[in-house]
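The values are calculated or read from the model by the stated rules, or taken from the named source; none is laboratory data. It should be emphasised that the depicted structure is a prediction, and the values quoted were computed from it without experimental measurement. No Cβ is skipped: glycine too gets one built from the backbone with ideal geometry, and neighbour counts run over all protein chains shown. Just so you know, the surface numbers come from the protein's heavy atoms only, side chains and all, with ligands and any DNA or RNA stripped out. Shrake-Rupley method; radii C 1.70, N 1.55, O 1.52, S 1.80 Å.
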Amino acid sequence: MRKARRRARPGDATAAAALAEAAGELAAQAVRSLRLGDAAGSRRSVAELTGRPGAPGWTLAVHRCLAARLRHGITTAWERGWQPADVVRFASRRRTARHGRLAVDVIAGEMRAYPSTTVDDLWREQLAVLGAAVWWDDDDGHPDAWCEREGVEDAAYVTCAIELVQLLESLPRLPRLGPLPGTSSTGTSSTGASSGTGTSSGTDASDRTDAPGANSPGAGAASRERVRERDVDQRTLGRVRALLAKAESTEFPEEAEALSARAQELMARHSIDHALLAAEKGDVGGAAGRRIAVDNPYDSPKAVLLTVVADANRCRAVWHRELGFSTVVGHPADLAAVEMLFTSLLVQATSAMVHAGPRRDARGRSRTRSFRHAFLNAYAARCGERLREAADRATAGAGGTVLVPVLAARDRAVEQAVGTMFPNLAEGRAGSVSNYEGWVAGRAAADLASLNGRREITGAYRRS
């Protein structure tokens, strides 16, 4: 017996189109109300969006409308210079962790449109860290699956989606740090961004198989050399991570201090090795950029700490206070060192600060916040002194008349990239400190902090 098949009638398409139009108007009204600061108006629109559960096709129309708005919001954010990690971090910071998780799902869904060979290395790395993967069975079923995972009703999904759409569509424009999905090619990375534009195509002629001479013996040798250098960097950076993890976990200040005596000097030597090798090859290169989170509480002294770490490693840090991160501009090997060292120093500072315990004045009033603010400011200031001293020792130890112009050229490339990315950059002053005890404790902690890393990098690089 043959099953009867229902033939679609013209009226069905018309009805679906009418539902989609109505849902789109209500969603746009809800987003517009949020943008204007009318929270009550947005709630009324959300109530209308979720108030017809029994109407045939209405819930599906609402879900499809929101999915389209979310995808458009994500691609708009990318066109404005935001990367996946930036979007998720800001959504979680400005709204809630739930908004961040929804953003991860939207990103995962959108990434299906791009072949993996056209996605920049840095993007793939961020997607892996975020866990951005399609875990739902089909797109129409995603809202229901999301509600089940979050333990909420459909109204919570609609509200979260509307708020995320409004957030995405109002993001400010940022300098683009790498190629957009669909424009990169296999094996490229935005870490080689050009300082001339503040952006990166991630490729050069010798990386492309369609470029003149790409299949020549010389091109093959150049490609193998780049792969060898990347492998060396990954191995040595892995050693650095292990060393920093050991420094963070040790309970003995003397051990941490012994490690810290070598740290920045070793990092500076690694940077010098890269600079001299590039100069020998005639590879001037350009500066790249990456964004590093600077979170509350005490975001101001944390930003200062990142700035002194960046300066000591021949990079520049630009703090976007309202966005919760800094853009660090420098050469690729230096950027990797800055991110790892900043993270490690922050872990060590937090541990020492918490170990110091709460503080109260003579009248029993809490002084913990002022103590910790002063602690972190002093910690950053002292770390900056130690880092500069170690970097100066490494530069002096390298010697040679060729080094001075090489490092000067790299510094100019970084400054040019900063000027291009941030033409209206204004320098700010650090806030004042009112807790002397916290200042003294912070400097003492900085003297015991481990900055270790560069000697192991340098040794591995020279042995390879």
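Give me the net charge for the shell around ALA91: Cβ to Cβ below 13 angstrom, other residues only, Lys and Arg +1, Asp and Glu -1.
+2
Can you give the net charge of the other residues whose Cβ lies under 12 Å from the Cβ of GLU110, counting K and R as +1 and D and E as -1?
0
Beyond 17 Å, what share of the Cα-Cα pairs of region 29-99 remains, rounded to the nearest whole percent?
Looking at region 29-99, the distances longer than 17 Å represent 59 percent of pairs.
List the chymotrypsin sites (Phe, Trp or Tyr not before Pro) in region 118-170 that DSSP assigns to loop (not H, G, I, E or B) and whose Cβ has at most 13 other Cβ atoms within 10 Å. Which are they?
Answer by residue number: TRP135.
Could you please put HIS373, HIS331 in sequence from largest to smallest accessible area, using a 1.4 Å probe?
Working: HIS373 50, HIS331 10 Å².
I get HIS373, HIS331, largest accessible area first.
With all protein chains present and a 1.4 Å probe, how do SER45, SER366 order by accessible area, largest first?
Largest to smallest exposure gives the sequence SER366, SER45.
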